[in-house]
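A.B. asks: The structure's right below; bear with me while I get my questions together.
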Amino acid sequence: MPAAFEGDPARIGERLTRTYFSLWEEPETGMALRAMLSSAVSHESAAQLLRGFLGAALLAPTAKYLPADAPHLRVALATAQLTGVALARYIVQVEAMVEVEFDALIHAVAPSVQRYLTGSYPPVS
């Protein structure tokens, strides 16, 4: 995922979203991610594996590229957005989510991810 973090910060949301969902679309990584996410909702050990993956692949690498205010919260919110969409598309298979073309999905989700990562927030106390 390092390529997702390189380049214009104003497009990190799109790069991260595209990279994340590309992993889900690949046969080998997608199958492993589906199994991990499906299991994580009902098994603590699987939830720990998912947290570890998300922490290593998304949270830690992304936080250092973000504004100084609440970088870990920003990444956690973006991760929740991405994981929720993955759950709807790849696990629950919500019809509209399954039918949308890959690039259209990226186009729809990336602005929210971008706002979480770089938008302004009220002070966190």
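A.B. asks: Kindly express, to the nearest 10 degrees and within the range 0 to 90, the angle between helix 71-86's C-alpha long axis and the longest C-alpha principal axis of the chain.
C.D. replies: 30 degrees
A.B. asks: In addition: For segment 1-111, what is the charge dipole size about the Cα centre, in debye to the nearest 20, if Lys and Arg each add +1 at the Cβ and Asp and Glu each add -1 at the Cβ?
C.D. replies: It comes to approximately 360 debye.
A.B. asks: Would you calculate, for the chain, the mean residue ellipticity at 222 nm contributed by helices, counting each DSSP H stretch of 4 or more residues as -39,500 (n - 2.57) and dividing by all residues, to the nearest 500?
C.D. replies: Calculated from helices alone, the mean residue ellipticity at 222 nm is -20500 deg cm²/dmol.
A.B. asks: Just want to confirm a number: the relative contact order over segment 1-66, from Cα pairs under 8 angstrom separated by 6+ residues, in percent.
C.D. replies: Relative contact order comes out at 26 percent.
A.B. asks: OK, next. Counting other Cβ atoms within 10 Å, which GluC sites (Glu not before Pro) in segment 61-121 have at most 12 and lie in a DSSP loop?
C.D. replies: Passing sites in segment 61-121 are GLU101.
A.B. asks: Given an 8 Å cut-off on Cα distances and at least 6 residues of separation, report the relative contact order of the chain as a percent.
C.D. replies: Relative contact order here is 32 percent.
A.B. asks: Compute the distance in nm between two label points, each set 7 Å from the Cα along the Cα-to-Cβ direction, one at THR29 and one at ARG11.
C.D. replies: Placing both labels 7 Å beyond Cα along the Cβ direction yields 1.9 nm.
A.B. asks: Hey, another quick one. Accessible surface of SER42 in the full protein assembly, 1.4 angstrom probe, to the nearest 10 Å²?
C.D. replies: 80 Å²
The values are calculated or read from the model by the stated rules, or taken from the named source; none is laboratory data. Since the model is a prediction, treat every value here as computed from it, not as a measurement. Cβ atoms come from the backbone with ideal geometry, glycine included; neighbour counts cover every protein chain shown. Heavy atoms of the whole protein, side chains included, go into the accessibility calculation; ligands, DNA and RNA do not. Shrake-Rupley method; radii C 1.70, N 1.55, O 1.52, S 1.80 Å.
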